[in-house]
1. Looking at the structure I just gave you, is residue 160 without any contact (Cβ under 8 Å) to a residue 60 or more places away in the chain, of a type outside the set (Phe, Trp, Tyr) and either in contact with a Ser or Thr (Cβ under 7 Å, 6 or more places away or on another chain) or more than 25 Å from residue 80 (Cα to Cα) (or both)?
2. Are any residues in the stretch 40-58 touching a residue at least 40 places away in the same chain (Cβ under 8 Å) and loosely packed, with under 14 Cβ neighbours inside 10 Å, and if so, which ones?
3. Among residues belonging to the stretch 107-130 that are open to solvent by less than 40 Å² (accessible area, probe 1.4 Å) and assigned to a strand (DSSP E or B), point out the one that is nearest to residue 26 (Cα to Cα).
4. Anything in the stretch 121-172 that is small (Gly, Ala, Ser) and modelled with pLDDT under 90? List them, or say none.
5. Looking at the stretch 131-144, is at least one residue part of a loop (DSSP other than H, G, I, E, B) and either within 19 Å of residue 83 (Cβ to Cβ) or acidic (Asp, Glu) (or both)?
6. Conditions: (1) surrounded by 15 or more Cβ atoms within 10 Å (Cβ to Cβ); (2) without any contact (Cβ under 8 Å) to a residue 12 or more places away in the chain; (3) over 18 Å from the mean Cα position of the chain (by Cα). Residue 67 meets all but one. Number of the miss?
7. Could you tell me whether any residue of the stretch 89-106 is open to solvent by 60 Å² or more (accessible area, probe 1.4 Å), without any contact (Cβ under 8 Å) to a residue 24 or more places away in the chain and either farther than 30 Å from residue 158 by Cβ or of a type in the set (Lys, Arg) (or both)?
8. Name every residue in the stretch 1-39 that is among the polar types (S, T, N, Q) and surrounded by fewer than 13 Cβ atoms within 10 Å (Cβ to Cβ), in order of residue number.
Amino acid sequence: MSRIGKRPIKLVQDVKVSFEKSVLEVKGPKGELELKTHPEIDLVIENETLSVIHSNEANTKTALIGTTWKLINNMIHGVTQGFQKQLNLVGVGFRAAISQKELVLNLGHSHPIKYSLPDGISASVDANTKIILESSDKQLLGQVSAEIQKFRPPEPYKGKGVLFEGQKIKRKAGK
C-alpha cells in the first residue's frame, strides 16, 4: 500500500464532507467540489479524520489509494485556503486587462485575444503584465493557466512569452 495513502486526512472545522455512492462532496468557505472515486476505493469518515481504504482486500490498487488521497487532500486545501497561480507577460507591448469575466490579452498578434474565464476562476491583473489566477479547484486552475500560456508560449531565443512565476527559460544563442 502507498505510504501517503496510509495516513488519515485531518478535516478542518469549516469543511463539511459527505460520501455517498462513490461521490465525495467537500464544502468549505471558498466553494464546494465533487470527486467521483473508483469503485474499488472506499472512504471512512470518523471523528475529525478521513481514511482511504480498499473496498476489496484481495485486489489492492496502491496507485489508486495514493492518487485518491492526494486528490482529496487538494480538495480540502482548495475549499479552505484556495490555490493561486501567477503568469508573467514578458515582451514589448505585451499586456493584459480584465473586462467582466473576460481576460483580454495583447501578445504581439494583430488582434487582442479574448479569453472567457470559466466559473470557479477569478483573475486579477497587476501592473498590466502580471495575471493572478485564483480558484478552489487545482486541476481547473492548472488547465486555465496552461490554456493562457498556449496563446504565446515562451520562446528560447528572446525569452518572450507567457511565463509561470519562477519559470526559467533556457536561452539559446542566436546566429
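The values are calculated or read from the model by the stated rules, or taken from the named source; none is laboratory data. Just so it is clear, the structure is predicted and the values come from calculations on it, not from any experiment. Cβ coordinates were reconstructed from backbone atoms using ideal geometry, including for glycine residues, and neighbour counts include every protein chain displayed. Only protein heavy atoms, including side chains, enter the accessible area calculation; ligands, DNA and RNA are left aside. Shrake-Rupley method; radii C 1.70, N 1.55, O 1.52, S 1.80 Å.
1. Values: without any contact (Cβ under 8 Å) to a residue 60 or more places away in the chain: no; of a type outside the set (Phe, Trp, Tyr): yes; either in contact with a Ser or Thr (Cβ under 7 Å, 6 or more places away or on another chain) or more than 25 Å from residue 80 (Cα to Cα) (or both): yes.
No: the conditions fail for residue 160.
2. If the condition is that a residue be touching a residue at least 40 places away in the same chain (Cβ under 8 Å) and loosely packed, with under 14 Cβ neighbours inside 10 Å, then 49 is the only one that fits.
3. If we take residues in the stretch 107-130 being open to solvent by less than 40 Å² (accessible area, probe 1.4 Å) and assigned to a strand (DSSP E or B), then 121 is nearest to residue 26 (Cα to Cα).
4. 159, 166
5. Taking every residue of the stretch 131-144 in turn, at least one turns out to be part of a loop (DSSP other than H, G, I, E, B) and either within 19 Å of residue 83 (Cβ to Cβ) or acidic (Asp, Glu) (or both).
6. Status for residue 67: all satisfied but (3).
7. The answer is yes; a qualifying residue exists.
8. At the first step, the residues of the stretch 1-39 found to be among the polar types (S, T, N, Q) are 2, 13, 18, 22, 37.
Matches in the stretch 1-39: 13, 18.
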